[in-house]
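Have a look at the structure below before the remarks.
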């Protein structure tokens, strides 16, 4: 019976549409005032009648039609038009209207604008609140969190996860709690807190394994593998975990977006294992599938990653088109989560190709986008601290009220007869134990607060070092642009040396924000990175081999920066003058700490050495800089010219390295 009514209603709508067209034609040719008034009256009453039919005859089957096509639409415009028809059709049906808003949010997430996706999903929340659909409300909060995360709005994303977690904790929904932990794991990954993210994933996995929900486990394994990828020494572990997620989807027969997300992450892990061909196979497979499904938004993930692989392989001309396509989709759709990173990749590619104007353009865009990212992260920290502060205030009020009640009980017990002494003693023991538990709980809350502040300070320090490193990169690029305008070879050499000095300081700040210890730098790894950069600057990778003959040694930044600049000057000098008469050469760097207050540094090469009485070549600025830095570290320098040149330093440092 309902289907017959619906067919009649749509027939009426079609008839009304035709009548409206006829009325319009009459208006075009009619000059009679009476006929014009009659036509106006007819036009005014038709929509009211049609709306009355819509209210009395809702058409839920249209939502079923949309549900079947929204995630894999061959004609996205057809689905979009159907959704807006449903908006008009269900104006008075709150349940169907909320479902229509939800589908519109999904449509904009897949094919439209992220801001529109957030808007329509927010429209569903009042209905779920009024109807007390707590589980659906929590799921909606989590969906909103995903949308905000895609926009890199981590402050709002974190709020939505906390709202969902509060509902699941109130209803003791263990599966929902685990899903929230997975969401926190993903948000912490986006803010470079990989260790903490991994811990939340492990908490989620423990619950999901007990509940036996493989579809949730697969998502958590994917999030866990993402965090493991950027934890030192865990890359192979990350590959095993993502393969666990893929195996689950293979058993379930899943081939859609969730499966494609796992394939993408496997490509990411293979990329950082230098298995580039395998990574490209995964990315191209996803790109082809997303194009077949019409998911333009998902294209950007594969395009960006393909560009990154070519960048890592130094195939910059191949990398740029893919990265630019990804940037265009991000800017068009508002999915700006990784926009700053892709600006950086394309800027570096242009710089390597010598296209410095384009490089500077994208360096500036990167700086602006990264500043927006930092502001979003800072807002997230502030909102998170506010939530914790309000929670602690509530707990403080509850504790104070409970303490007052306990005191009243004690006063009453004092007036009980001697016969109740035993009861009083037992009550005292009970209250004492409860007080101890409260103090332990208060101590735990205080520890959590201190941990949060420490993590905030650590994040801010890392962001500062990252920003300094990016600014030094910008300075280096500006020097490169100036160098390109020079014709005098001596001036060019001086500018290249200045680039290397800036680079040596930039590497230190990069190591600081990438490392676990913000107060010190591991010098062997730093010297290796510094050597690679200098060899690349002089195009001497095949001619000269630089060895770091030393154990792992960490130094504070005040000691590491001068030593890095000294080594930079000595390596530059060796590459310029020591091997001019040789096809192959070797430079060795060693740094040791025989005593707590002593550092010894040796830089030696097997080049042509120095001839007695020969005047120093170059401007002499490098020698002056080395001498100044040696005195700054309270050191002594000794130079030996036997079978090459060996320069030794002995520094007396005032604080432990």
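No lab work stands behind these numbers, since they all come straight from the coordinates. Fair warning: this is a prediction, and the values are worked out from it, not measured in the lab. Note: ideal-geometry Cβ built from the backbone for every residue, glycine included; neighbour counts use all protein chains shown.
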- prompt: Does segment 282-343 come out rounded, prolate or oblate by the C-alpha gyration tensor, with a ≥ b ≥ c the root eigenvalues, rounded set by a/c under 1.5 and, if not, prolate when a/b is larger than b/c and oblate if not?
  reply: oblate
query: How long are the three semi-axes of the equivalent ellipsoid for segment 254-319, computed from the Cα gyration tensor as the root of 5 times each eigenvalue, in whole Å, largest first?
result: 20, 13, 8
- request: Above 16 angstrom, tally the Cα pairs of segment 534-652 and express them as a % of all pairs, no decimals.
  value: 62 percent
task: Give me the compactness ratio for segment 536-599, meaning the Cα radius of gyration over 2.2 N^0.38 Å.
output: 1.30
- line: Exposure-ranked with fewest Cβ neighbours within 10 Å first, 477, 349 stand as 477, 349
task: Return the tail of the calculated pair distribution for segment 123-234, meaning the percent of Cα-Cα pairs more than 23 Å apart.
output: 27 percent
query: Listed highest first by mean packing, meaning other Cβ atoms within 10 Å per residue, what order do 620-627, 189-196, 446-453, 562-569 come in?
result: 562-569, 189-196, 620-627, 446-453
